[in-house]
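Input: a single structure, listed below in structure tokens.
The values are calculated or read from the model by the stated rules, or taken from the named source; none is laboratory data. Worth saying up front: this structure is predicted, and the values here are computed from it rather than measured. Positions of Cβ are backbone-derived with ideal geometry, glycine not excepted, and every protein chain shown enters the neighbour counts.
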RNA sequence: GGUGGGUUGGCCGAGAGGCGAGGCAACGGACUGCAAAUCCGUGUACACGGGUUCAAAUCCCGUACCCACCUCCA
């Protein structure tokens, strides 16, 4: 079976056929770095990280580009409110984003271009559009340049909308537009804006419109035609529709497949900053570990809406701990080994699909069916636990589980999960281990003496400190 | 007005004509000094009303409710 993906443009699940055998080029619309990322933002990154890992596991040489938008209206507005330079706000929020993504083991992209770093390419593209008669400089002297939607007959093809059915923008400032639906490719500088937020261009100093940057960056790093373009559902229109129109109008075939992930909502609504800080990535990570948050996200299909709740998050964490505890009970050597095949760049990455259960592969190939894939992991864990209970050898099963988790970015032994506090945490852990071990020796003596009251009292005392004791054939084990 | 999506057991969450995905919780059993962990077992779920079919959660028609996008949005 081959990988099949849901393509928004055709509204169906289609076989994935790359432009070039064995290679996959992916462009994902990243964030506008204007505020701290919340868990809704990072879901998109996790979803596309899974796509990228699955393609890699399937033997593709993946070129993965995810941009950041570091200049736009909101950044200018917010930075002005906060009284700091716009580039400082964007830079700081970009750093926050990078940290948040690292904390949930999202691999760094092949490259992460920024809008401000691609201005010359955008200008070139706009010039091409003007030459071809699909864009025009506003006649009001504003320095704006607009895309002429009426000049492009297939405008609306991605979201199947007719121009005349679209609501004209309610707040549209008609300025120099020929049609209210024309969108800005270039925005002339205004005296109310910082001078640093403008670049020289044939139409006067100004800054890029929102959509043009992605067309320019995708073409620059992936070529005029590439395989997959991704982003959140809200980007279908206008952002992706406009990207498609301006790219094709400039003579580029653009993306073969359009993938869109659904939202995480809270209380039935989109997340927004007005809900407070409780869903910012760092605060959620005070409650569950990054690997548990990622498991929560991967447990739902990327095209399904997720109604966020802390209860469901806790439940996912418990569910994941079951998988982890199986791995921990398998004799050492398996968990520590790097058996998830090939560190980054190794040519033999495809070899590890060999140890993935067929049902797992089938689930992933079916439009990244991560819920079914997770079910396979649970089934395999149960099989392993059964072997363990019967005194059998579960190392092969554990290897399978780790291989599957690895594809989802959820292998607990993955170096991506060791956070910055590593050294200190390790010291703390070994100190606690010494203390707990001493208590456990007392308990063992009490149990040998059949002094159950004292044995249980010791266990209760340890438990009160938040540490669970588990008696195993190889002696008691503790975990937080 | 236009376009698209949804409603599944106590909860989360898949599936898309026939065999109850999986998890969490609960209950019973095994194991244990008691626990914990683990294993085994326990559920007559598909918004509502019709229809098609040997067979419908799944297809068709209708109804209700919810959500997203329509030029700031993951």
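Listed values, structure above:
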| quantity | calculated |
| --- | --- |
| Boolean, residue A:264 is near RNA strand B (Cβ under 9 Å from one of its atoms) and under 28 Å from residue A:394 (Cβ atoms) | no |
| Search result, residues across the range A:300-313 that are more than 6 Å from RNA strand B (Cβ to nearest atom) and surrounded by 18 or more Cβ atoms within 10 Å (Cβ to Cβ) | A:302, A:308, A:313 |
| Residue count for the range A:246-261, restricted to those that are in a loop (DSSP other than H, G, I, E, B) and either in contact with a helix residue (DSSP H, G or I) (Cβ under 6 Å, 6 or more places away or on another chain) or free of Cβ contacts under 8 Å to residues at least 40 places away in the same chain (or both) | 3 |
| Every pair of residues 6+ apart whose Cβ atoms lie under 7 Å, when the first sits in the range A:310-330 and is touching a residue at least 24 places away in the same chain (Cβ under 8 Å) and assigned by TED's automatic domain parsing to the domain that holds residue A:292 while the second is within 7 Å of RNA strand B (Cβ to nearest atom) and part of a helix (DSSP H, G or I) | A:322/A:381; A:323/A:381; A:326/A:381; A:326/A:385; A:329/A:388 |
| Test: residue in the range A:401-419 that is over 20 Å from residue A:317 (Cβ atoms), in a helix (DSSP H, G or I) and within 14 Å of RNA strand B (Cβ to nearest atom) | no |
| Residue satisfying all of: in the range A:75-96; out of contact with any helix residue (DSSP H, G or I) (no Cβ under 8 Å at 6 or more places or on another chain) and buried (at least 16 other Cβ atoms within 10 Å of the Cβ); farthest from residue A:184 (Cα to Cα) among these | A:96 |
| Odd one out for residue A:85, checked against (1) within 19 Å of residue A:116 (Cβ to Cβ); (2) modelled with pLDDT under 95 | (2) |
| Checklist (1) over 30 Å from residue A:158 (Cα atoms); (2) within 13 Å of RNA strand B (Cβ to nearest atom); (3) modelled with pLDDT of 90 or more applied to residue A:286, failing item | (2) |
| Qualifying residue in the range A:298-306 (condition: part of a helix (DSSP H, G or I) and touching a residue at least 40 places away in the same chain (Cβ under 8 Å)) | yes |
| Pairs with Cβ under 7 Å, 6+ apart, first in the range A:151-166 and farther than 22 Å from residue A:132 by Cα, second assigned to a loop (DSSP other than H, G, I, E, B) and within 9 Å of RNA strand B (Cβ to nearest atom) | A:162/A:156; A:166/A:181 |
| Residue in the range A:420-443 that is free of Cβ contacts under 8 Å to residues at least 12 places away in the same chain and not in a helix (DSSP H, G or I) present | yes |
| Residue A:243 being free of Cβ contacts under 8 Å to residues at least 40 places away in the same chain, under 22 Å from residue A:25 (Cα atoms) and within 12 Å of RNA strand B (Cβ to nearest atom) | yes |
| Filter result for residue A:408 (outside the structural domain of residue A:100 (by TED's automatic domain parsing) and modelled with pLDDT under 95) | no |
| The one condition in (1) more than 30 Å from residue A:360 (Cα to Cα); (2) under 32 Å from the mean Cα position of the chain (by Cα); (3) surrounded by 13 or more Cβ atoms within 10 Å (Cβ to Cβ) that residue A:429 fails to fulfil | (3) |
| Of all residues making up the range A:118-171, the number that are part of a helix (DSSP H, G or I) and closer than 14 Å to residue A:212 by Cβ | 12 |
| Which listed residue, of A:398, A:389, A:403, is in contact (Cβ under 8 Å) with a residue 40 or more places away in the chain and within 15 Å of residue A:329 (Cα to Cα) | A:398 |
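Yes/no per residue for (1) without any contact (Cβ under 8 Å) to a residue 40 or more places away in the chain; (2) surrounded by fewer than 18 Cβ atoms within 10 Å (Cβ to Cβ); (3) in the same structural domain as residue A:47 (by TED's automatic domain parsing):
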position	(1), (2), (3)
A:135	no, no, yes
A:148	yes, no, yes
A:178	no, yes, yes
A:186	no, no, yes
A:191	yes, yes, yes
